[in-house]
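A short worksheet on the structure shown next.
Each reported figure results from applying straightforward, stated rules to the coordinates on display, with no laboratory input. For clarity, every value in this text was computed on a predicted model and none was experimentally measured. Cβ placement follows ideal geometry from the backbone for every residue including glycine, while neighbour counts extend to all protein chains displayed.
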Ligand SMILES: [Zn+2]
Ligand SMILES: [Zn+2]
């Protein structure tokens, strides 16, 4: 078990930030473990699968509040200042992020405007406001209403913040734009880099297990938890709850030892993603036109075209984000589902656990291509040069979402169960052999 002691003198010490010693079941491998008393600046990892169980920040109350407030201020600037200026044949487009969304709606691509609005503005804003609400209440011991609800929503929103993906997409679009137009980044672009970093920092400084513990404590509720046979350790908040509860009384997640029908649901989402991946690649994803020519590109054509034009870096990035990651994700989910279904999985559980975590982590980066199209559409929206998304854009969005759902519904503990069973069977055989 990795256990990092707190450094004395760093941060403001508050006795009430300490998490007492208790027992949890690891949500990734299902093994039961004793968590020691954790002080500020300590974290604990699962001894079996190395999953981070819980951490207590060095400044557990002040840091998330400071990061969230800084992010909110940055966000106000990012969304009100100029993002990028594109000049082509004497026509200048001055684009801010709200202006880009307005152009998408004007061109009747409201779906893309919604995707952009939700992933780069709606979720981060709600996330930050809830963060300030929950941490404000904890820091000053205010008994605000609906703190549990706010924490539930906060934790769920974390995976749907894609400001960092949008920032990288802007860099990719810039390489493509600068070959045909004069492009100049505005202050909002540079501030967006800071915002993306701040959002990542905020989201890693909010350990839900510790937050729920603090809310309980503040309300004077019994927070001691013991592993009892008729209780199930919730895989989201890590509290032991009576097994008759359908939904965890703390975090509202479905309560189960292993997710029911996990493999079936995960396989269904994966199959749908694999089927939609075909039209996503065969149909045009982007149509660019100017008064003399119309260019219709599929994902693959586009990459080949960029490579031939000498844009090797952008071709490689788009190839990784749009072709390699979705294919690897579909293959690795299929391997994981197959391994969790057969009696003797060919791969070891630690390897499969790493594969699962990677699959879960890289999925959202496939949205780069969609964001690139959104940026190009807003930059080229005149009769001189116009870019519109093809039908494949919608299918591609769906493939990304469906593979994310497939990974979400897959219960990683199933691979460890198979692994332990296999080890038990071979132990039993050896034992029988010895007795003979
Ligand atoms: Zn574990
Ligand atoms: Zn829970």
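Counting only DSSP H runs of at least 4 residues, each contributing -39500 (n - 2.57), and dividing by the residue count of the chain, the helix-based mean residue ellipticity at 222 nm comes to -17500 deg cm²/dmol. With neighbour counts taken as other beta-carbon atoms within 10 Å, the residues 382, 120, 202, 18 rank, fewest first, as 382, 18, 202, 120.
Among 314, 285, 375, the largest mean-square fluctuation in a Gaussian network model of the chain (Cα springs under 10 Å) belongs to 314.
With the alpha-carbon atoms of the range 110-236 aligned to their principal axes, the span from lowest to highest coordinate is 66, 34, 26 Å, starting with the largest. Look at 259, 141 and count the other Cβ atoms within 10 Å of each Cβ; fewest to most, that gives 141, 259.
In terms of Cα atoms, the Rg and Dmax of the range 99-181 work out to 17.4, 57 Å. Mean-square fluctuations from a GNM of the chain, with a 10 angstrom spring cutoff on Cα atoms, peak among 313, 238, 65 at 313.
Between residue 307 and residue 159, the simple spin-label model (points 7 angstrom out along Cα→Cβ) gives 3.3 nm. By the compact-protein rule of thumb, 2.2 N^0.38 Å, the alpha-carbon radius of gyration of the chain corresponds to a ratio of 1.11. Legend: ranking of residues 402, 263 from fewest to most surrounding C-beta atoms inside 10 Å; resulting order 263, 402.
Of the candidates 100, 88, 352, which one comes out as most mobile in a Gaussian network treatment of the chain with C-alpha springs shorter than 10 Å? With Cα springs under 10 Å in the chain, the top fluctuation among 100, 88, 352 is at 88. Three principal axis extents describe the C-alpha atoms of the range 254-315; from largest down they are 61, 24, 18 Å. Diagonalising the gyration tensor over the Cα atoms of the range 277-436 and scaling each eigenvalue by 5 before taking the square root yields semi-axes of 46, 13, 11 Å, largest first.
Work out how much length residue 408 to residue 351 would gain on full extension: take 0.36 nm times their residue separation and subtract the Cα-Cα distance, in nm to one decimal.
Additional length available on full extension: 18.7 nm.
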